[in-house]
Ligand SMILES: [Zn+2]
């Protein structure tokens with residue numbers, strides 16, 4: 001069976017968030033600066049992108065920023081200028097949007113789904129869990145926004161959705177695993193490398209486990225929809241079991257240390273440093 005040839009972590013910005021947003025019960029007044037993760041995978045058949053970052057218009061435009069990011073407790077950093085963060089990161093690895101053969105989203109939070117508009121009107125399939133899409137397109141928009149889900153990020157009639165019901169192989173060597181809890185249809189990804197590049201691989205938790213400590217200490221994540229916070233530990237245990245049974249490395253989604261370290265280790269262009277380019281004033 002063919003596996004994944006190349007794994008390229010991308011960082012589509014940074015978000016400063018309360019510690020309690022990533023770890024249930026942690027301090028509200030301690031703030032963490034976390035990377036906004038995405039992944040490029042070279043698979044048999046082309047390039048697969050997983051997750052798409054923030055919609056930059058909702059961060060950079062003062063009125064839209066007030067509309068969508070006020071009172072969330074999240075401070076978003078995007079590279080200066082008016083470049084699109086997804087296109088800019090793809091550009092750094094020498095790939096244009098139209099070279100992508102498939103897209104997947106872990107879930108519909110605005111730091112993961114904000115680039116989906118790029119795929120409206122393209123043939124590119126966009127993989128998502130049915131429960132996540134049904135939740136996002138449901139009839140409770142005010143509740144969605146309170147939970148960080150911005151419907152205009154993904155409510156495009158011309159996105160070529162590929163909807164899954166549970167664990168599904170979405171490309172050779174890439175299996176989406178339903179890890180509901182953080183959101184109703186959150187999915188994580190098992191990535192198995194081709195023997196020609198040494199085999200082994202990764203389990204990318206995304207927001208099923210923001211931080212390394214969510215994994216190591218089995219601490220519940222800070223945000224959950226439809227379940228108790230404690231119920232977000234079960235998917236973490238399941239991912240740990242998959243990783244250990246197959247000898248794969250489990251990678252948290254937003255860890256300020258683990259994500260940049262993996263990026264460097266895999267030889268991808270290092271994440272841009274927000275400390276050298278401060279957060280814009282609001
Ligand atoms: Zn999330």
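Where a number appears in this text, it was derived from the coordinates with a stated rule and is not lab data. Bear in mind that the values here come from a model prediction, so they are computed numbers and not experimental data. We place every Cβ from the backbone using ideal geometry, glycine too, and count neighbours over all the protein chains shown.
Peptide packing: for 45-56, 169-180, the average count of neighbouring Cβ atoms within 10 Å per residue gives the ranking 45-56, 169-180, highest mean first. Normalised by 2.2 N^0.38 Å, with N the number of residues, the alpha-carbon radius of gyration of region 102-177 equals 1.07. Spacing of the modelled spin labels on residue 83 and residue 264, each 7 Å from Cα toward Cβ, amounts to 2.1 nm.
Sort region 56-191 into rounded, prolate or oblate with this rule: let a ≥ b ≥ c be the square roots of the eigenvalues of the Cα gyration tensor; rounded if a/c is under 1.5, and if a/c is not under 1.5, prolate when a/b is larger than b/c, oblate otherwise. Walk me through the intermediate numbers first.
Numbers: a/c = 1.77, a/b = 1.15, b/c = 1.54.
Cα axes put region 56-191 in the oblate bin.
Each peptide in 24-34, 75-85, 103-113 gets a packing score, the mean of other Cβ atoms within 10 Å over its residues, and the list from highest to lowest is 103-113, 75-85, 24-34.
The simple spin-label model puts a point 7 Å past each Cα toward its Cβ; for residue 216 and residue 92 those points are separated by 2.5 nm. Working note: 222 nm ellipticity from helices only, DSSP H runs with n ≥ 4, each -39,500 (n - 2.57), summed and divided by the residues of the chain, gives -6000 deg cm²/dmol to the nearest 500. In terms of the Cα gyration tensor, with a ≥ b ≥ c the square roots of its eigenvalues, is region 119-258 rounded because a/c is under 1.5, prolate because a/b exceeds b/c, or oblate? The shape class here is oblate. With N as its number of residues, region 126-166 has a Cα radius of gyration that, divided by 2.2 N^0.38 Å, comes to 1.15.
Please arrange 186, 118, 156, 140 by counting, for each residue, the other beta carbons lying within 10 Å of its beta carbon, fewest first. Intermediate results must be reported in sequence, preceding the final value.
Details: 186 30, 118 21, 156 15, 140 10.
Sorted ascending by nearby Cβ count, the order is 140, 156, 118, 186.
Looking at region 6-265 only, what percent of DSSP beta bridges run antiparallel? Nearest 5 please. Let's see the in-between values first.
On the way: 31 of 46 bridges.
Percent antiparallel among DSSP bridges in region 6-265 is about 65.
Length available on full extension from residue 257 to residue 27: 0.36 nm per residue minus the Cα-Cα distance, which gives 80.9 nm. Taking a ≥ b ≥ c as the square roots of the Cα gyration tensor eigenvalues, the chain comes out rounded, since a/c falls below 1.5. Relative contact order, whole percent, for region 80-215 stands at 20, derived from Cα pairs under 8 Å and 6 or more residues apart. Going from the residue with the fewest nearby Cβ atoms within 10 Å to the one with the most, 143, 101, 194 rank 143, 101, 194.
So what is Rg over Rh here for region 164-240, counting just Cα atoms and using Kirkwood for Rh? Present the calculation step by step, with values, prior to reporting the outcome.
Numbers: Rg = 13.1 Å, Rh = 12.9 Å.
The Rg/Rh ratio comes out at 1.02.
In this simple spin-label model, placing a label point 7 Å from the Cα along the Cα-to-Cβ direction at both residue 143 and residue 165 gives a separation of 2.2 nm.
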